[in-house]
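Take a look at the structure set out below.
The values are calculated or read from the model by the stated rules, or taken from the named source; none is laboratory data. Worth saying up front: this structure is predicted, and the values here are computed from it rather than measured. Positions of Cβ are generated from backbone atoms using ideal geometry, with glycine treated the same way; all protein chains shown enter the neighbour counts.
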Amino acid sequence: MDKYDAFIDRAEAEATLRPHVHEVPDFPKPGVNFKDVMPLLRDTRAREYALMHMRKYVESRSPDAIVGVESRGYVFAAPLAHIIKIPLVLARKPGKLPDKVVGVEYAIEYGKGRLEMQRDSISAGINALVIDDVLATGGTAKAAASLVESLGGKIAGFCFFAELDFLNGRKMLDGYDVFSLLHYGH
């Protein structure tokens, strides 16, 4: 599956984490089965397990900064940036950031979206690692990478709590290093 399987026991991860991810049918629109990670956040043991394994990947990529993608990506990105002691940069929805921003529009599995970052959040040559909760079609992650690269940064990798393999989002990130803790539909 991932070249990083050496530092994770997939069966243990499934048993520890999957019970804390609830599937919500027909959200946010009919036909979409939303993976809700909020129950995981309420369980301290499962949350710590997820962060510990995501940390292993992040540290293996030696980033200079972490980019957290709005909004559920923040719940993983912020503690990892704190633990590893590197800057946290936020990729946000339009109109949420003060000062000068750079933005990009992208397609998502159930519509269109736009992400923005403050212009001074990434310096030229910075290796940034993008973190989000779920890799679906890859549009949001690719948009975050485009923002980093438009500011002169480089992508150290992508880290996701879960990946919906049946949506082939990894193809959108071809050429980048990608790690997902859980996989659905492979």
Worksheet item: Out of the residues in segment 1-27 that are modelled with pLDDT of 85 or more, in a loop (DSSP other than H, G, I, E, B) and not charged (D, E, K, R), which is farthest from Leu164 (Cα to Cα)?
Response: Ile8
Discussion item. Can you list residue pairs whose Cβ atoms sit under 6 Å apart, with the first residue in segment 46-67 being in contact (Cβ under 8 Å) with a residue 60 or more places away in the chain and on the phi < 0 side of the Ramachandran plot and the second being among the polar types (S, T, N, Q) and not in a helix (DSSP H, G or I)? Count only pairs 6 or more apart in sequence or on different chains.
Written reply: Pro63/Asn127; Asp64/Asn127
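Just to be sure I understand, how many residues within segment 158-178 are among the aromatic types (Phe, Trp, Tyr) and in contact with a Gly (Cβ under 7 Å, 6 or more places away or on another chain)?
Total meeting the criteria: 2.
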Worksheet item: So how many residues does segment 35-90 have that are part of a helix (DSSP H, G or I), surrounded by fewer than 22 Cβ atoms within 10 Å (Cβ to Cβ) and hydroxyl-bearing (Ser, Thr, Tyr)?
Response: 4
Practice prompt. Test each condition in (1) over 18 Å from Cys159 (Cα atoms); (2) touching a strand residue (DSSP E or B) at 6+ places or on another chain (Cβ under 7 Å); (3) in contact (Cβ under 8 Å) with a residue 24 or more places away in the chain for Asp99 and report the one that comes out false.
Written response: (3)
Response to the item:
Matching residues in segment 62-87 (farther than 17 Å from Ala143 by Cα and in contact with a helix residue (DSSP H, G or I) (Cβ under 7 Å, 6 or more places away or on another chain)) number 7
Item to complete: Among what's in segment 125-147 and is over 10 Å from the mean Cα position of the chain (by Cα) and either of a type in the set (Lys, Arg) or part of a strand (DSSP E or B) (or both), pick the residue that is nearest to Met54 (Cα to Cα).
Response: Ala128
Discussion item. When the residues of segment 91-106 are narrowed to those that are among the small types (Gly, Ala, Ser) and surrounded by 13 or more Cβ atoms within 10 Å (Cβ to Cβ), which ends up nearest to Gly31 (Cα to Cα)?
Written reply: Ala91
Worksheet item: If we keep just the residues of segment 107-124 that are in contact with a helix residue (DSSP H, G or I) (Cβ under 7 Å, 6 or more places away or on another chain) and either in contact (Cβ under 8 Å) with a residue 40 or more places away in the chain or outside any strand (DSSP E or B) (or both), which is surrounded by the fewest Cβ atoms within 10 Å (Cβ to Cβ)?
Response: Glu109
